[in-house]
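The values are calculated or read from the model by the stated rules, or taken from the named source; none is laboratory data. Quick caveat, the model's predicted, so the values are computed rather than measured. Using ideal geometry, Cβ is built from the backbone for each residue, glycine included, and neighbour counts are taken over all protein chains shown. Quick note on the areas: whole protein, heavy atoms, side chains included, nothing else; ligands and nucleic acids left out. Shrake-Rupley method; radii C 1.70, N 1.55, O 1.52, S 1.80 Å.
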Protein chains: 2
Amino acid sequence: MAPLHRCVPALRQIKAANFAFNRAAIARTAPRAVFAGQRRFESSKNEPTTSATSEPHQPHPDTGAKGPEAPSRKIKYTSESYPDLKRDPKFAELTTEHVQWFKDLLGNESAILDGVSKDASEDIEPYNADWMRKYKGHTKLVVKPGSTDEVSKILKYCNDNMLAVVPQGGNTGLVGGSVPVFDEIVVNLARMNQIRSFDDVSGILVADAGVILEVADNYLAERKHIFPLDLGAKGSCQIGGNVATNAGGLRLLRYGSMHGNVLGIEAVLPDGTIVNNLSKLRKDNTGYDIKQLFIGAEGTIGMITAISILCPQRSQATNVAYFGLESFEKVQQAFSEAKGMLGEILSAFELMDGRSQNLYKSASGNSLPLESEHPFYCLIETSGSNSDHDQEKLESFLEHVMGEEIVSDGVVAQDQTQFKELWGCREGVPEHLGHWGGVYKYDLSIPINEMYSLVEETRARMEKAGLIGDTDDYPVVDVVGYGHMGDANLHLNVPTRRYDKAVEKELEPFVYEWVAKRSGSISAEHGLGIAKAPFIGYSRDETMIKLMRQIKDLYDPKGIMNPYKFLSG
Amino acid sequence: MAPLHRCVPALRQIKAANFAFNRAAIARTAPRAVFAGQRRFESSKNEPTTSATSEPHQPHPDTGAKGPEAPSRKIKYTSESYPDLKRDPKFAELTTEHVQWFKDLLGNESAILDGVSKDASEDIEPYNADWMRKYKGHTKLVVKPGSTDEVSKILKYCNDNMLAVVPQGGNTGLVGGSVPVFDEIVVNLARMNQIRSFDDVSGILVADAGVILEVADNYLAERKHIFPLDLGAKGSCQIGGNVATNAGGLRLLRYGSMHGNVLGIEAVLPDGTIVNNLSKLRKDNTGYDIKQLFIGAEGTIGMITAISILCPQRSQATNVAYFGLESFEKVQQAFSEAKGMLGEILSAFELMDGRSQNLYKSASGNSLPLESEHPFYCLIETSGSNSDHDQEKLESFLEHVMGEEIVSDGVVAQDQTQFKELWGCREGVPEHLGHWGGVYKYDLSIPINEMYSLVEETRARMEKAGLIGDTDDYPVVDVVGYGHMGDANLHLNVPTRRYDKAVEKELEPFVYEWVAKRSGSISAEHGLGIAKAPFIGYSRDETMIKLMRQIKDLYDPKGIMNPYKFLSG
């Protein structure tokens, strides 16, 4: 293996150094956190499957700090985990007549999974439960429309008959938003999987909501373009779901959010109205931008059936560097310098604290890229149209930040294998933090200058409470922070050896209150779903929540769309 | 003056050539189209002033094809130009009691322009009329709140008393949206002009709505950042107005739209509710993205009082090239190649057809950068963090497109003066097309591959109708197209010698129908205001218009906000 390119401080030079990797390469696009013993459903093309995401390992605090359950173990029903949630009696119970109506509409068995008129519970389970095996509903009907018109007829029928509905894409969410709680009908969009058009001059892609993200990205790659979103679940998640949940992921720093990139949406309202806002225009100032409401609405005001999205030209060159820093102030300085000197080619700036890297090292058995230890590490990725230029910029940047003693030490990947292995030090963290038992995890947006203080304060709380230590006497292994520095998106993680109510008491509501005090977000990129719904008040004031409820009431007056979630907390 | 760097075909080399400029430099940031004889109001700091914009020259088709009126000539009242518009009797007439209430609230004379209790019509005129001198209202009261709380009290009072309101920023709009039609009270935000905070690590700026765009950009420039929007009116327009009108401008190709860049909004609803959505977070998935409704709402559902916006690092290097091409297909090819080879540094790709350049040459007396004539010209700008790299990329690109015979000839600016002069060939077009009398102008979004066909078809119509020719016998001088190729934003322009109803008959509804057939937008970046309100049906279907009206009714049930415009057509 080629040695990593190493930056030596003081010399202001980039010299090759002999640095050996002793661990297996972790493919960047492979599922990032499939655990031993974790059940994976057998998947056929376009069926929803379990899948890994960039932040996959989230044993629910309420259900104990154990790792993912073994396949043999039954998934607990959400209705049991959340005993305060009651089925809303306003919704009708599913009858054989209802099922017959759906069968008449969809016309073939493959479009229906029916647990009412025959025993199909085995087939239905993957649609009832999320991939984390954390949430499970009681649905007896899954329907798979093949067209927008069918979606329209289905929603209108459900609305007229007071049948609750859960829109479902790839079912890869992290907050339980895409599975039923009780007997809501699952409307799964897997069959709507066609790319409708692509214009390689404008870069505008129009595609059905059920197209798998990776399929879309591969289609674009062949045409020298890139989908402006990437995340670990790309092999399973659907682009409609990505838009419905306003997915963030790995390319946001460079390409921006769905709100900027999505140019149009085709959606169906609960009353069956088809909203044709599938614009292929980059600019259109003719009225309110209604489609924006559907981005991040998590299927609560309608179902997205197609999207139009602006896709950038694909970069021809990528580089990655990994370095150590002595303080969070220096991390911020390095980020500022990276924005200035790498500017237009900076495509990722990820943060990992020293503790997260040490735990990764100890759990994975891998060594770290740098021999020296540092309280902070960062991973920088560049992508651009000219490899030589990008390397030169990256080297100038590294020389500068090392000369100025902002960065203490660093390495640059010299080939694709090293590229993936450096990324592994960031992407392997969530998986390996589960090594000791379970992890309390928070996905937070915090103003960048205060971002790391939360980790320090949380650790101090655990120390003061005598909960943290190196032996089995202590429930808490460590308190670590990592995440998307470029987006001020912190993943606060508390790996534990066992479930302990005292730990939970130290964490909540402390973390939410801390974030609220700084006007942060209690859900940066994962959404509300069922998991975060009760906590929205920490991020939104009463006026905002009132305005949101107005929107919900306006579009879904009967409340059939994805009930018990989002604003219902 | 240094010669332009010239690309010579076949040689695949960039060689310096002796190319002389014989015209005065046109400063890029200077007002782009101030006409001789056009009245400019004397401005004091933060008072609204007339100002030029990137597309300023729009004699109303209804009012004849003459150039801008002389200062001595009175501006026609909008109520006369649009005789079908009637004052809505549901609105109260302003009384001295009302005026007293405002005086008691705002506490000083400087915050009020009052034409009711004293004769202040002279002072009020700049607030009643737009800078183009095309729209004029009858307001008798202008109020200038100094805080969000004052805006809240004002709107609540107006809502309670059925007083109609026009929110006003820099009053630089092109569709009459920021001036009253009848006696609506003008709420001008010029006094709310403070920058609230800037974080140079995250690049997030929080500022009052009344901050002048150029002031914000200069503030950011000192901190190595850039406002992600630029337009000709930057010296007068306010950032709140930019967001309220979803301004497009010159940096959209590179930095994207307001919907992606605006992170938060503080707004006041008609009932006085203060919406505090002034997030400083790049990621926040906690509910519907309500703020998006205010972006481009043109002040019809509330008043934006502050914004939070993501500002990129400022590029250290800029380059500009100008070249000739033989067909619109080649223009599209060049755009694709530019996206691929210039990728992350491409910051503008502007289109000018040969006819627009010839008219520019003939009206301005300037020669064009290329000696040879071509049916199409493009202007490319790059901006990046490394000047050498950018120049190398640009030269590789030019060698490639010339070697492949996509581009026939081209020049690259070698210094700042040439940079500005090449831009002048694009930016001077709108001004100089008015040379023969007046111009019929359309600001359209069209799928990029069909973008130029409209110009050809419109010209064919004029030829067939015998309206176009080189002598005074013909009303139409030419039919030309130019615009933001990168955004598929075409400015269709028909310079004329005189007003002729036959010309208008050939243009409308033909142009709108042509655009509607291709699902284009009849207002790409200028908005609806009063000018485009009647034509929204060409770009939006009934369902979309219904959904928009629902939003209007939800937020402004009494309809006091900016009436007679937007959706009222």
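One line per residue, one yes/no per condition, for (1) closer than 30 Å to B:Lys558 by Cα; (2) outside any loop (DSSP other than H, G, I, E, B):
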| residue | (1), (2) |
| --- | --- |
| B:Gly272 | yes, no |
| B:Asn276 | yes, yes |
| B:Ser279 | yes, no |
| B:Asp289 | yes, no |
| B:Leu293 | yes, yes |
| B:Glu298 | yes, no |
| B:Ala306 | yes, yes |
| B:Thr318 | no, yes |
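Residues in the stretch B:176-194 that are over 20 Å from B:Ser152 (Cα atoms) and open to solvent by 10 Å² or more (accessible area, probe 1.4 Å) were compared, and the one that is nearest to the other protein chains (Cβ to nearest Cβ) is B:Gly177. For the stretch B:503-516, state whether one or more residues are within 26 Å of B:Arg426 (Cα to Cα), part of a loop (DSSP other than H, G, I, E, B) and in contact (Cβ under 8 Å) with a residue 24 or more places away in the chain. Looking for residues that are within 26 Å of B:Arg426 (Cα to Cα), part of a loop (DSSP other than H, G, I, E, B) and in contact (Cβ under 8 Å) with a residue 24 or more places away in the chain, one finds none in the stretch B:503-516, hence no. Scanning the stretch B:268-276 finds no residues that are in contact with an Asp or Glu (Cβ under 8 Å, 6 or more places away or on another chain) and away from every other protein chain (no Cβ under 14 Å). In this structure, B:Ser308 qualifies as closer than 16 Å to B:Ser197 by Cα and surrounded by fewer than 24 Cβ atoms within 10 Å (Cβ to Cβ). From the list A:Ser202, A:Ser236, pick out the single residue that is over 24 Å from B:Asp289 (Cβ atoms), buried (at least 24 other Cβ atoms within 10 Å of the Cβ) and facing chain B (nearest Cβ under 9 Å). None of the others qualify; the one that does is A:Ser202. Checking each residue in the stretch A:130-156 for being out of contact with any helix residue (DSSP H, G or I) (no Cβ under 9 Å at 6 or more places or on another chain) and modelled with pLDDT of 95 or more picks out A:Ser147, A:Thr148, A:Asp149, A:Val151, A:Ser152, A:Leu155, A:Lys156. Could you grab me the full set of residues in the stretch B:479-531 that are out of contact with any strand residue (DSSP E or B) (no Cβ under 7 Å at 6 or more places or on another chain) and of a type in the set (D, E, K, R)? Answer for the stretch B:479-531, where residues must be out of contact with any strand residue (DSSP E or B) (no Cβ under 7 Å at 6 or more places or on another chain) and of a type in the set (D, E, K, R): B:Asp487, B:Arg497, B:Arg498, B:Asp500, B:Lys501, B:Glu504, B:Lys505, B:Glu506, B:Glu508, B:Glu513, B:Lys517, B:Arg518.
Whenever a residue of the stretch A:79-104 is under 17 Å from A:Ser568 (Cα atoms), its partners that are outside any loop (DSSP other than H, G, I, E, B) and open to solvent by less than 60 Å² (accessible area, probe 1.4 Å), lying with C-beta atoms within less than 7 angstrom and at least six residues away or across chains, give the pairs A:Leu85/A:Ser79. Of all the residues in the stretch B:315-336, those that are out of contact with any Ser or Thr (no Cβ under 9 Å at 6 or more places or on another chain) and modelled with pLDDT under 95 number 1.
Here is a check on your reading of the model: is A:Ala348 small (Gly, Ala, Ser), open to solvent by less than 20 Å² (accessible area, probe 1.4 Å) and modelled with pLDDT under 95? So A:Ala348 fits the description; yes.
For B:Asp208, state whether it is within 13 Å of chain A (Cβ to nearest Cβ) and of a type in the set (D, E, K, R). So B:Asp208 does not fit the description; no. Confirm whether A:Lys291 is more than 26 Å from A:Gly232 (Cβ to Cβ) and out of contact with any helix residue (DSSP H, G or I) (no Cβ under 8 Å at 6 or more places or on another chain). Spelling it out, A:Lys291 is indeed more than 26 Å from A:Gly232 (Cβ to Cβ) and out of contact with any helix residue (DSSP H, G or I) (no Cβ under 8 Å at 6 or more places or on another chain). Going residue by residue through the stretch A:318-326, is there one that turns out to be more than 10 Å from chain B (Cβ to nearest Cβ), over 29 Å from A:Arg223 (Cα atoms), of a type in the set (Ser, Thr, Tyr) and under 27 Å from the mean Cα position of the chain (by Cα)? Taking every residue of the stretch A:318-326 in turn, at least one turns out to be more than 10 Å from chain B (Cβ to nearest Cβ), over 29 Å from A:Arg223 (Cα atoms), of a type in the set (Ser, Thr, Tyr) and under 27 Å from the mean Cα position of the chain (by Cα).
Against the conditions (1) more than 30 Å from A:Val186 (Cβ to Cβ); (2) open to solvent by 10 Å² or more (accessible area, probe 1.4 Å); (3) out of contact with any Gly (no Cβ under 6 Å at 6 or more places or on another chain), A:Ser385 satisfies every one except (3). Evaluating B:Ser372 against the criteria (1) at the interface with chain A (Cβ under 7 Å from one of its Cβ atoms); (2) among the hydroxyl-bearing types (Ser, Thr, Tyr); (3) surrounded by fewer than 24 Cβ atoms within 10 Å (Cβ to Cβ); (4) assigned to a loop (DSSP other than H, G, I, E, B) leaves one unmet condition, (1).
Among the residues of the stretch B:245-262, the ones that are closer than 23 Å to A:Leu490 by Cα and buried (at least 24 other Cβ atoms within 10 Å of the Cβ) come to 2 in all.
Here A:Arg282 meets the list (1) modelled with pLDDT under 95; (2) in contact with a Ser or Thr (Cβ under 6 Å, 6 or more places away or on another chain) almost entirely, failing just condition (2). Only one of these is more than 7 Å from every other protein chain (Cβ to nearest Cβ) and touching a Lys or Arg at 6+ places or on another chain (Cβ under 9 Å): A:Gly264, A:Gly248. Name it. Result: A:Gly264 is the single residue among A:Gly264, A:Gly248 that is more than 7 Å from every other protein chain (Cβ to nearest Cβ) and touching a Lys or Arg at 6+ places or on another chain (Cβ under 9 Å). Between A:Glu392, A:Glu427, A:Glu421, which is surrounded by fewer than 20 Cβ atoms within 10 Å (Cβ to Cβ) and assigned to a helix (DSSP H, G or I)? So the residue among A:Glu392, A:Glu427, A:Glu421 that is surrounded by fewer than 20 Cβ atoms within 10 Å (Cβ to Cβ) and assigned to a helix (DSSP H, G or I) is A:Glu392. Counting only residues that are outside any loop (DSSP other than H, G, I, E, B), touching a strand residue (DSSP E or B) at 6+ places or on another chain (Cβ under 8 Å) and open to solvent by 10 Å² or more (accessible area, probe 1.4 Å), the stretch B:216-231 holds 1 of them. Does the stretch A:379-395 contain any residue that is in contact (Cβ under 8 Å) with a residue 40 or more places away in the chain, within 26 Å of the chain's Cα centre (by Cα) and over 26 Å from B:His389 (Cβ atoms)? The answer is no, given that none of the residues of the stretch A:379-395 is in contact (Cβ under 8 Å) with a residue 40 or more places away in the chain, within 26 Å of the chain's Cα centre (by Cα) and over 26 Å from B:His389 (Cβ atoms).
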